[in-house]
Amino acid sequence: MWCVLLAVYVIAGANLVPFHGDESTLIYMGRDSYYQFIDRDISKIYYDDTGTVSPTEQQLRLINGTIPKYIYGFVAINNGYTIEEINEQWDWGADYIYNQDTNRLPDEQLLSASRIVSSIQFALALIALFAVGRIIFNRPIAYMATLYIFLNPNLLINTRRAMMEGSHILGLALLVLIAVWTIRERKWWQYILLGIIAGFAVASKHPNAIINGLIFISIFTFVGWQAIRSKASIIAQTTRTMVDLCIAGLFTVGIFWLLNPALWRKPIAGIQESLSLRNDLLQLQSNAFNSYTSLGERLSGFFDFIFVATPQYFEVDQWATYPVISAQIGVYEQSILSGVAVGGSIIGGLVVMLLTVFGLIHFARNTQFSLEHRWLLTVVGGGICIITFILTPLTWGRYYLPIFPFVGFYLAYAVYTLTATIWKRYTV
C-alpha cells in the first residue's frame, strides 16, 4: 500500500511539472522506434561514417541512452501518431517562441502520455529502493528513506519529465537491489542477472556505468577482504570472483550492445565516435553555461543541490525570461504535488548533511548489520558522492540525482538510530 501511495503521488504531478526543452529532444529521438519497428529499416539507425544517415539523429543516439527514446517512441505509436506528427528536436540556440513556431514543442497529449510513463518508472524505482531498505535495514527505515527520496523536488521534477531520468533512476535502483542479493550469496546465476540488469541500466543512461563499476569493485574488494580475515586462499577466492564478475561484465556489454542498434554494425567505431561526441558536448556546455571554476563553487553546488535540495527547473538562464515557463513554475510550486525540500535552507541543509554523515559512519561501523551490506552501501554510496563531486562540471541539479537514494538511506538510518536512542533513554 505504501508503494502504491508513492506511485499515485508521483504520477499525479506528471502533467504539472514545468516544461523542459530536452523533453522535445527525447520525444524526437523516439522516431527510431518507427524506423526499426514500423518501417523495418534498421539501416537508418546503424552508425554510419559516410554521411548517409541524419547527422543530428546519429549524434543523439550515440550520446544518449536508448531505453527512454524507445519508450517514448512506443508511446507515440500506441497513441496513433505517425512519424510526421512527431515534433522536431529542441533548438537550444533559439528562444522559446522560435521553437514553438517551428514545430519543436511536443503535442500536448503525447507529452502527457510520455511523462506518465517516465513517472511510472520512477515509481517502480521507489519499490525497488523500498526493497533495498527492507533487506538491509528494517521496515521503518525503508519507509523513511523512500519518503525522503520520493519527496525530493529535483527527483520529482526530472523523473516526471519525458527525459532520461525516469529510466536512469529505475536502472540505478534495480542495480542496487540485485547487488544486495549478489554480494551476500554470490551464486553464478546472480552474477548473470547482475550483468543483464547492468546492461539495461547503462542503456537507460550512460552514467549508470559509474554505479555499475562501483558495485563490481565493492563485490571484488569484499571477497578479497573476507578471504584475508578468514585466512582462506585469497588467490582462489578472488580468482573465482574475478571470473564471475567478468561473466557479469560480458553480459553487461552484450545487453548494452543489444539495446543499442546503432552499434550493431560498427561497435568499435561507434563507441569511439560516441566518446568523442560526448567530450565535445561537455566542452560546449562548460563554455556556454554556468560551469564550476573553483573548489569553493563545487562545494557550494554540492551542498546546495544535495543537502538544501534547492529545486532547479531549468539550466539555461534565458528560460527565466519566458512568461509561459514562469507561469508553469508558479502553478507547480503552489501544488502539494511539488515535493518537499527536507533541507530547504542553509541551516536545514547543515542538519541534513550532519545527519547523513553520521548515518554513513555509524552504519558502516554497526556490526548488527551484515558486513557485505555495510561494505556495499558504503563503497557505492560514498563512491558515487566523491565521483559526482569531482566529475560534475556544471551547476546542473540533475547531475546529482544518483546520490539522493543513498543520502535517503543514510539519513533515514541516522534519524531512526537517534530517535530510538532518545526514546530508550527517556522511557526506561
**OP:** Given the options Arg229, Arg161, Arg398, state which has the largest fluctuation in a GNM of the chain using a 10 Å cut-off (strictly under) for Cα springs.
**Re:** Arg229
**OP:** Compare Ala364, Ala179, Ala288 in a GNM of the chain, Cα atoms joined below 10 Å, and give the one with the largest fluctuation.
**Re:** Ala288
Subject >> Extension reserve of the Asp91-Ala288 stretch, reckoned as 0.36 nm per residue once the Cα distance is removed >> reply: 69.5 nm
Subject >> Separation of the Leu250 and Asn79 label points, Cα + 7 Å toward Cβ, nm >> reply: 4.2
**OP:** With a point put 7 Å past each Cα toward its Cβ, work out how far Ile347 is from Asn366 in nm, to one decimal.
**Re:** 2.8
Original post:
Straight-line reach from Lys44: which lysines have Cα under 18 Å away, leaving out those fewer than 8 places along the same chain?
Top reply: Lys69, Lys266
**OP:** Tell me, rounded to the nearest percent, the portion of alpha carbon pairs in region 107-162 spaced more than 20 Å apart.
**Re:** 33
**OP:** First select every other residue whose beta carbon is under 15 angstrom from the beta carbon of Gly166; then total the charges, Lys and Arg +1, Asp and Glu -1.
**Re:** +3
Subject >> Value of relative contact order over the chain, rounded to a whole percent, pairs C-alpha under 8 Å and six or more apart >> reply: 22
**OP:** Give me the number: length gained by fully extending Ala269 to Tyr143, i.e. 0.36 nm times residue separation minus the C-alpha to C-alpha distance, one decimal in nm.
**Re:** 40.7 nm
Original post:
If we count other beta carbons within 10 Å of each Cβ, what is the order of Met1, Met164, Met29, Met242, fewest first?
Top reply: Met1, Met242, Met29, Met164
**OP:** Apply the membrane-span-like helix rule to the chain: whole DSSP H runs, Cα extent along the own long axis of at least 27 Å, mean Kyte-Doolittle hydropathy at least 1.0. List the helices found.
**Re:** 108-136, 165-185, 208-229, 234-258, 346-365, 371-391
**OP:** Could you list Lys266, Lys187, Lys424, Lys69 in order of exposure, starting from the residue whose Cβ has the fewest other Cβ atoms within 10 Å?
**Re:** Lys424, Lys187, Lys266, Lys69
Original post:
By count of other Cβ within 10 Å, fewest leading, how are Thr310, Thr356, Thr293 ordered?
Top reply: Thr293, Thr310, Thr356
Subject >> Reachable lysines from Lys424, criterion Cα separation under 24 angstrom, eight or more residues apart if same chain >> reply: none
**OP:** Set the Förster distance to 45 Å, then compute FRET efficiency between Val340 and Ile228 from the Cβ-Cβ distance, nearest 0.05.
**Re:** 0.50
**OP:** Mind running the shape call on the chain? Use the C-alpha gyration tensor, a ≥ b ≥ c as the square roots of the eigenvalues: rounded below 1.5 for a/c, prolate if a/b tops b/c, oblate otherwise.
**Re:** oblate
**OP:** With runs of 4+ DSSP H residues as the only contributors, calculate the mean residue ellipticity of the chain at 222 nm using -39,500 (n - 2.57) per run, divided by the residue total and rounded to the nearest 500.
**Re:** -22500 deg cm²/dmol
Original post:
How far is it, in nm, from the label point at Phe220 to the one at Met1 when both lie 7 Å from their Cα along the line to the Cβ?
Top reply: 4.7
Original post:
Can you give the direction-averaged projected area of the convex hull of the alpha-carbon atoms in region 275-363, in nm²?
Top reply: 9.0
Original post:
Under a straight-distance cross-link criterion of Cα-Cα below 16 Å, which aspartates and glutamates are reachable from Lys187, leaving out those fewer than 8 residues away in the same chain?
Top reply: Asp244, Glu372
Original post:
All other residues with a Cβ under 15 Å from the Cβ of Leu337 taken together, and with Lys, Arg as +1 and Asp, Glu as -1, what is their net charge?
Top reply: +2
Original post:
Which one of Gly348, Gly408, Gly359 has the biggest mean-square fluctuation once the chain is modelled by GNM with Cα springs under 10 Å?
Top reply: Gly348
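Values in this text are rule-based calculations from the coordinates and carry no lab data. As the structure is a prediction and not an experimental result, all values here were calculated from the model. Positions of Cβ are generated from backbone atoms using ideal geometry, with glycine treated the same way; all protein chains shown enter the neighbour counts.
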